[in-house]
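Worksheet for the structure shown next.
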There are 2 protein chains.
Amino acid sequence: MLSIKEITKQTGITVRTLRYYDEIKLLVPAGKTEGGHRLYGEKELKKLQEIQFLKMLGFSLKEIKEMLSDKTRDWQEGLQNQLQYVIKEKEKLAEIEKTLIGLMNGITIDGDVNLSEVQKMIHLYQGSYEERNAYRDQMFCEEEKVLLDLLPNMNSRDSDSLEWVLLLGQLKQHLDKDVTAPQVQKIIQRMYEKTIETFGDNDVFFNKLWAVRKSPEKSKKMGFYPIEDEVLDFFERAWQVFESKQK
Amino acid sequence: MLSIKEITKQTGITVRTLRYYDEIKLLVPAGKTEGGHRLYGEKELKKLQEIQFLKMLGFSLKEIKEMLSDKTRDWQEGLQNQLQYVIKEKEKLAEIEKTLIGLMNGITIDGDVNLSEVQKMIHLYQGSYEERNAYRDQMFCEEEKVLLDLLPNMNSRDSDSLEWVLLLGQLKQHLDKDVTAPQVQKIIQRMYEKTIETFGDNDVFFNKLWAVRKSPEKSKKMGFYPIEDEVLDFFERAWQVFESKQK
DNA sequence: AGTTGAAACTTACGTAACGTCATTTTGTAT
DNA sequence: ATACAAAATGACGTTACGTAAGTTTCAACT
C-alpha cells in the first residue's frame with residue numbers, strides 16, 4: 001500500500017487533487033489506516049495515470065469518470081466529439097490571432113488603437129439583433145438562400161467576422177488617402193487572403209456577395225451590416241488596383 | 001436613457017450579465033429610477049460594445065476593466081501578451097488534436113483502445129519525477145547537453161511528447177507482425193512526419209538521439225524513459241524499410 | 001511510554017463569469 | 001385600483017482545484 005505522499009512523488013499530482021478525486025469519487029483510495037490516512041494500491045496508481053492522460057486530451061473530470069467506469073462505453077464517439085471540439089477551438093483561436101495581429105498592425109500604422117471606430121462598426125454590424133432573427137428564414141430568393149447557406153459565419157457574430165469588421169474599420173481610416181497608398185493596399189491584401197481562405201481560388205461567390213451588399217434593401221434584408229457607399233466605393237477602387245498589380 | 005431591456009435588445013447581452021457587470025463595477029449604469037431600475041446612456045452602450053469586442057479577443061473581465069479605465073495604458077503590451085497566449089493555446093490544441101487522431105487510428109486498426117499499454121508507457125516515461133530533477137543540471141557531457149537543450153519538450157511531460165508515447169505504444173502492439181505490415185508502416189510514417197516537424201529535414205539530431213537511447217545507462221541518466229531492446233530493434237528495422245521506400 | 005515534528009486530516013472560503021431559480025418590488029396599462 | 005409584465009435582490013450551482021486554519025495521526029527518538 002502506498003501513502004498519499006508516495007503517489008504525489010510518483011505522479012506529480014498534488015495532495016489536494018487526490019483528496020478532491022476521492023471526494024468526487026473519481027479515484028477512491030484502496031483503503032485507509034485506522035487513523036483515516038488514505039492508502040493507494042497499484043491499481044489506483046494505474047487509474048490515476050489514465051486520468052492524467054485523458055485530462056491532457058482535454059476531457060473534463062466528469063467525462064473521464066464516465067469513460068473509466070463504463071467499460072463498455074463507446075470510446076470512439078467520445079474521442080470523435082473531443083476531436084471536433086478541439087478543432088473548433090483551434091479555429092476560433094486562429095481567428096482571434098489574426099484579429100490581434102490586425103489590431104497591432106493598426107496601432108503601428110496609425111499610432112492609435114481607435115477602438116471607437118472599430119466598435120462603431122461592430123455596433124452596426126450586430127444590427128438590432130432581434131430584427132435579424134425576425135428576417136431570417138423568410139423572403140429570400142433562391143440565389144440569396146445559397147449565399148446565406150454558404151456564409152453561415154458571415155452574419156452570426158463570431159470571431160471570424162471580427163476581422164472583417166476590423167479590416168473595414170481600418171479601411172475607413174484611410175478614406176482621405178489615395179487607394180494606391182501602401183497602408184491601404186496592405187489592408188486590401190489581408191482582405192484578399194481572407195477571401196481566398198473563405199471562398200477558395202474562385203471569386204464568383206465573393207463578387208455575388210458584394211453585388212448583394214451594394215443593394216441597400218437586399219443588404220438589410222439579409223442581415224448584413226450596412227456599409228456606407230463611401231467605403232464601398234473606396235474599397236472597390238482599391239481592390240481593382242490590387243488585382244491589377246497581382247497580374 | 002435606456003432601460004435594461006433596451007440594452008439587451010441592442011447588444012444581445014443578458015440581463016444577468018449586465019447586473020453582474022454592475023456588481024463588479026465594470027459597467028455601472030448612468031443612473032437609476034427612484035425604484036432602483038437601472039438606466040443606461042449612449043456612453044454606456046458604447047462601452048459595453050467595447051467590452052464585447054475585447055471579450056471576443058479572449059481578455060478576462062478584469063483585464064478589460066483595467067484596459068478601459070486606464071486610458072494611458074499601453075495597449076500594445078496587452079495585445080502582445082494576449083497574442084502570445086493565443087499562439088501557445090493553439091499549439092497545445094494542435095498537439096492534442098494529433099494525439100486524438102493517433103488514438104482513433106489505434107482504435108480503428110486494433111479495434112481496441114488499449115489504454116493500459118499507453119499509460120504503462122506514460123508511467124515509465126514520467127519516471128520517478130523527483131529523480132529526474134535530481135539528475136538534471138549535472139553530469140552531462142557536452143554533446144548530451146546539446147541534445148537536452150534541443151529537446152526541452154521531450155523530457156517534460158507535455159502534450160507534444162504524448163504522441164511519441166502513444167506511437168511507441170502502438171508500435172509495441174505489432175511486435176509479432178512483420179516490419180513491412182501496413183499497420184506498422186503507417187505508424188512509422190506518422191513518426192517520420194513528427195521528426196520532420198521537430199528536427200526539420202536533416203536527421204542528424206534524430207540519429208544522435210537514438211544513439212543515446214540505445215545506451216541504457218545514458219538513457220536513464222538523461223531522464224528518458226527506457227525502451228525495451230525489442231521495441232528499439234523492431235523500430236529500427238521498420239524505419240529502414242520505410243526509408244528505402246521513400247526513395 | 002512520552003514527546004515531538006512532520007505529515008495527513010477536515011472544513012471552508014476563493015476563483016471566473018455568469019445561469020438559474022425563488023421571492024419581492026416597481027412600472028405601466030387599463 | 002388592480003393586474004401583469006419587467007426589474008430588483010439574494011443565493012446557490014458550475015470547474016478543478018489552491019490556500020489557509022485548526023486538529024489529529026504517524027513514526028521516530030529519547
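The values are calculated or read from the model by the stated rules, or taken from the named source; none is laboratory data. Note that this is a predicted model, so its numbers are computed, not measured. Glycine also receives a Cβ, built like all others from the backbone with ideal geometry; neighbour counts cover every protein chain displayed. When the accessible area is computed, the model is the full protein with side chains, heavy atoms only, and any ligands, DNA or RNA have been set aside. Shrake-Rupley method; radii C 1.70, N 1.55, O 1.52, S 1.80 Å.
Distances from A:S244 to itself in the other copies, using label points 7 Å out along the Cα-Cβ axis, amount to 6.1 nm in increasing order.
First check a/c for region A:1-97, with a ≥ b ≥ c the square roots of the eigenvalues of its C-alpha gyration tensor; if it is under 1.5, answer rounded, and if not, answer prolate when a/b is larger than b/c or oblate otherwise. Don't skip to the answer; put the middle values down first.
Numbers: a/c = 3.11, a/b = 2.00, b/c = 1.56.
In terms of gyration-tensor shape, prolate.
Label-point distances for A:Q84 to the equivalent site in the other copies, using a point 7 angstrom along Cα→C-beta, read 3.6 nm when ranked shortest first.
Once you've got the Cα coordinates, tell me which of A:K88/A:K247; A:K46/B:K55; B:K172/B:K194; A:K247/B:K88; A:K62/B:K177; A:K88/A:K194 are over 29 Å apart.
Working: A:K88/A:K247 36 Å; A:K46/B:K55 40 Å; B:K172/B:K194 18 Å; A:K247/B:K88 37 Å; A:K62/B:K177 38 Å; A:K88/A:K194 18 Å.
Table pairs above 29 Å Cα-Cα are A:K88/A:K247; A:K46/B:K55; A:K247/B:K88; A:K62/B:K177.
Per residue of A:184-196, other chain Cβ atoms within 10 Å of the residue Cβ number 0 on average.
Both chains summed, the buried accessible area for A and B stands near 4800 Å², from protein heavy atoms and a 1.4 Å probe.
Averaged over peptide A:79-85, the number of partner chain Cβ atoms lying within 10 Å of each residue's Cβ comes to 4.
Per-residue mean of foreign Cβ neighbours for A:7-13 is 3 (Cβ atoms of other chains, 10 Å radius).
Summarising the rotation from chain A to chain B, the nearest chain A beta-carbon to the axis and its distance in Å are given as A:K90, 3. Highest average first, the peptides A:177-188, B:45-56 ordered by how many other beta carbon atoms sit within 10 Å of their residues are B:45-56, A:177-188. Sorted shortest first, the separations between the A:R16 label point and its copies elsewhere in the assembly read 2.7 nm; each point sits 7 Å from Cα along the Cα-to-Cβ line.
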